[in-house]
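> Before I ask anything, let me first share the structure, which is written out below as structure tokens.
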Amino acid sequence: MNAKPKLAVWKFASCDGCQLSLLDCEDELLAIADQIEIANFPEASRAVVEGPYDVSLVEGSITTPHDLKRIQEVREQSKILVTIGACATAGGIQALRNFADVNEFIRQVYANPHYIQTLATSTPIADHVPVEFELRGCPINKTQLLEVLLALLNQRVPNIPKHSVCMECKMQQCVCVMVSRNMPCLGPVTQAGCGALCPSYDRGCFGCFGPKETPNTEALAEWWQADLGMTSEQTQHAFRTFNGWSEPFRKPFHEPVPIVIQQSNRDPFPDSDDSLQE
Ligand code: SF4
Ligand code: SF4
Ligand code: SF4
């Protein structure tokens, strides 16, 4: 009898939300547990089975010199590498640093910035190593994750929709917030997977599932400015969220507005005894 395929889960710069989607599978994972061996998943167990691994799920983006080295090691140990979530596939919300001077952020956030070792940018995993499949979302959809795992186990291509959130929105019979309320919505350029969650609550989509296949982001940005009266700056801000560093979401802005970091007036030690800071 063949050994079970070994699954590993790796974390880079991220919030762990996509790994939690895997833990959230609970019952479904039990159903496939006799077909795979979860060999390395620190969020679920301290037990580690050494590589190589048949499938690696990678969460998070590359933000430090150590990440640059570690992702090469993960790639070497992995037969199939799947990136999960907006951080791993597009750089994540932390890629907002790419539009600014990262040293300014460091000065604002850390009391002792000289201890911080970071890269100037946050970049997706595919910028550094070959990736077999990218699963989008912030966080990912657990049903889509299971589909990817089952497809890989059965040596077929995962059946993940490439069409837009608008298709799901129409299937849910939601009233279009962009047409009826002049509210900006990234649904036309965002990949399906959430069941049009935000429009079903009367809100525009802010693109957490990232760009759909062949998205016409330039046309949408032009339409927002011409018909919704949005400024170029407002339009850029709407595109700059979890997937703001993805190429299609950057494309409409030939002269991107840099992010200006405001000086913070807050007291970094609000409840502390001043004498302790000296
Ligand atoms: S994609 Fe979103 S949920 Fe997933 S790790 Fe990144 S920030 Fe967290
Ligand atoms: S509300 Fe958004 S997702 Fe729904 S149809 Fe309108 S543009 Fe598309
Ligand atoms: S509607 Fe858009 S922002 Fe809302 S959950 Fe779906 S993809 Fe994410």
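> Counting only residues that are surrounded by fewer than 15 Cβ atoms within 10 Å (Cβ to Cβ) and hydrophobic (A, V, I, L, M, F, W, C), which one in the range 1-19 is nearest to ligand 3 (Cβ to nearest atom)?
Only one residue fits best here, namely A3.
> Hey, another quick one. For the range 210-220, indicate whether the set of residues that are part of a loop (DSSP other than H, G, I, E, B) and either within 16 Å of ligand 1 (Cβ to nearest atom) or touching an Asp or Glu at 6+ places or on another chain (Cβ under 8 Å) (or both) is non-empty.
Yes, because at least one residue in the range 210-220 is part of a loop (DSSP other than H, G, I, E, B) and either within 16 Å of ligand 1 (Cβ to nearest atom) or touching an Asp or Glu at 6+ places or on another chain (Cβ under 8 Å) (or both).
> Output the helices (runs of 4 or more DSSP H) that fall wholly within the range 46-133 and possess 1 or more residues being more than 17 Å from the chain's Cα centre (by Cα) and within 25 Å of E247 (Cβ to Cβ), or say none.
65-77, 102-109
> Among the residues of the range 200-209, write down those that are small (G, A, S) and part of a loop (DSSP other than H, G, I, E, B).
Selection gives G204, G207.
> If I go through the range 23-45 residue by residue, how many of them are in a loop (DSSP other than H, G, I, E, B) and farther than 13 Å from W10 by Cα?
Adding up the residues that qualify gives 7.
> Determine whether the range 190-206 contains at least one residue that is within 22 Å of G91 (Cβ to Cβ), surrounded by fewer than 12 Cβ atoms within 10 Å (Cβ to Cβ) and either at pLDDT below 95 or away from ligand 3 (no atom under 12 Å from the Cβ) (or both).
Scanning the range 190-206 turns up no residue that is within 22 Å of G91 (Cβ to Cβ), surrounded by fewer than 12 Cβ atoms within 10 Å (Cβ to Cβ) and either at pLDDT below 95 or away from ligand 3 (no atom under 12 Å from the Cβ) (or both).
> Here is a further query. Counting just the residues of the range 216-244 that are surrounded by fewer than 20 Cβ atoms within 10 Å (Cβ to Cβ) and charged (D, E, K, R), which one comes out nearest to H163 (Cα to Cα)?
In this case the residue turns out to be E218.
> Is there any pair linking a residue in the range 99-121 that is farther than 19 Å from I62 by Cβ to one that is in a helix (DSSP H, G or I) and of a type in the set (V, I, T), with Cβ under 7 Å and at least six apart or on different chains, and which?
Correct list of pairs: P113/I106.
> Is at least one residue of the range 22-32 within 16 Å of ligand 1 (Cβ to nearest atom), buried (at least 19 other Cβ atoms within 10 Å of the Cβ), in contact (Cβ under 8 Å) with a residue 40 or more places away in the chain and within 22 Å of F242 (Cβ to Cβ)?
Within the range 22-32, one or more residues are within 16 Å of ligand 1 (Cβ to nearest atom), buried (at least 19 other Cβ atoms within 10 Å of the Cβ), in contact (Cβ under 8 Å) with a residue 40 or more places away in the chain and within 22 Å of F242 (Cβ to Cβ).
> Among (1) of a type in the set (F, W, Y); (2) within 16 Å of ligand 1 (Cβ to nearest atom); (3) farther than 24 Å from G51 by Cα, there is one condition F133 misses while meeting the rest; what is its number?
Just one mismatch for F133, condition (3).
> So, in the range 144-172, how many residues would count as being within 14 Å of ligand 3 (Cβ to nearest atom) and either without any contact (Cβ under 8 Å) to a residue 40 or more places away in the chain or assigned to a helix (DSSP H, G or I) (or both)?
Of the residues in the range 144-172, 11 are within 14 Å of ligand 3 (Cβ to nearest atom) and either without any contact (Cβ under 8 Å) to a residue 40 or more places away in the chain or assigned to a helix (DSSP H, G or I) (or both).
> Among the residues of the range 49-58, are any of a type in the set (G, A, S) and either within 16 Å of ligand 3 (Cβ to nearest atom) or over 21 Å from K79 (Cβ atoms) (or both)?
no
> How many residues are in a loop (DSSP other than H, G, I, E, B) and under 30 Å from V9 (Cα atoms) if we restrict to the range 173-199?
Total meeting the criteria: 5.
> Quick check, is A151 more than 16 Å from ligand 1 (Cβ to nearest atom), farther than 22 Å from V55 by Cβ and of a type in the set (A, V, I, L, M)?
no
The values are calculated or read from the model by the stated rules, or taken from the named source; none is laboratory data. These numbers come from a predicted model, not from an experiment. Backbone-built Cβ (ideal geometry, glycine too); neighbour counts: all protein chains shown.
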